[in-house]
Amino acid sequence: MFLAGFVVAGLNYRFGWHKLPDAVVIVSAVTFVIAYILYAEVMRENTYLSRTIEVQENQKVIDTGLYGIVRHPMYSATLLLFLSMPLVLGSVYSFLIFLVYPFIIAKRIKHEEEFLENELAGYAEYKKKVKYRLIPFVW
């Protein structure tokens, strides 16, 4: 997805297939910066973050800050990052490729939540407290 998305964005620029309005690019750039700040905040709040789904020794449920709004704020931030990137690059075609990402992340969240509910003490209660997985008031 990433490789294809960036190659298509480059080709779009090189051959001038479609130019997005400057306002779309600017709003997307602002969104990208906000998402990056949110990502940094998630990393600050949760020292247990890992690329693999695992429970570390003495790990506890984080339920404050962004984790008090959605259960997976890192994925929320990456969703904003990855959907704004192709628009910052000015490519609607690349954006269409990156639309695969929400489906990938939804599948990962499903598996991650099953694992955490079984392996991390207090996660079932956390799910009851924080209703939304990725997008507040939506999902």
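The values are calculated or read from the model by the stated rules, or taken from the named source; none is laboratory data. Every value quoted in this text rests on a predicted model; they were computed, and no experiment measured them. Methodologically, a virtual Cβ is constructed for each residue, glycine included, from the backbone with ideal geometry; neighbour enumeration extends over all protein chains shown.
Taking the range 53-75, which residues are of a type in the set (D, E) and surrounded by fewer than 12 Cβ atoms within 10 Å (Cβ to Cβ)?
E57 - this is the single residue of the range 53-75 that is of a type in the set (D, E) and surrounded by fewer than 12 Cβ atoms within 10 Å (Cβ to Cβ).
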Determine, yes or no, whether I109 is touching a helix residue (DSSP H, G or I) at 6+ places or on another chain (Cβ under 9 Å), aliphatic (A, V, I, L, M) and part of a helix (DSSP H, G or I).
yes
Within the range 89-102, is even one residue at positive phi, surrounded by 16 or more Cβ atoms within 10 Å (Cβ to Cβ) and not aromatic (F, W, Y)?
yes
Being of a type in the set (S, T, N, Q) and in contact with a helix residue (DSSP H, G or I) (Cβ under 9 Å, 6 or more places away or on another chain) is the filter; apply it to the range 20-58 and report the residue that is nearest to E114 (Cα to Cα).
N46
Just the residues that are over 24 Å from N58 (Cβ atoms) and either at pLDDT 90 or above or exposed (fewer than 12 other Cβ atoms within 10 Å of the Cβ) (or both), please, taken from the range 110-139.
K110, K131, Y132, R133, L134, I135, P136, F137, V138
Flagged in the range 61-95 as in contact with a Gly (Cβ under 7 Å, 6 or more places away or on another chain) and either under 27 Å from T47 (Cβ atoms) or free of Cβ contacts under 8 Å to residues at least 60 places away in the same chain (or both), in numbering order, are V61
Subset of the range 1-60 (residues that are over 28 Å from H111 (Cβ atoms), of a type in the set (S, T, Y) and modelled with pLDDT under 95)
Y13
Would you check if I135 is in a loop (DSSP other than H, G, I, E, B) and either among the β-branched types (V, I, T) or closer than 17 Å to I69 by Cβ (or both)?
yes
Yes/no for E54 being of a type in the set (D, E, K, R) and closer than 30 Å to D22 by Cβ
no
Of all residues in the range 1-52 being among the hydroxyl-bearing types (S, T, Y) and within 18 Å of the chain's Cα centre (by Cα), which is surrounded by the fewest Cβ atoms within 10 Å (Cβ to Cβ)?
T52
Cβ-Cβ under 8 Å pairs, at least 6 apart or on other chains, the range 103-123 side free of Cβ contacts under 8 Å to residues at least 12 places away in the same chain, far side assigned to a helix (DSSP H, G or I):
E117/Y123; E117/A124; E117/K127
Among the candidates L49, L79, L38, L83, residue that is of a type outside the set (V, I, T) and outside any helix (DSSP H, G or I)
L49
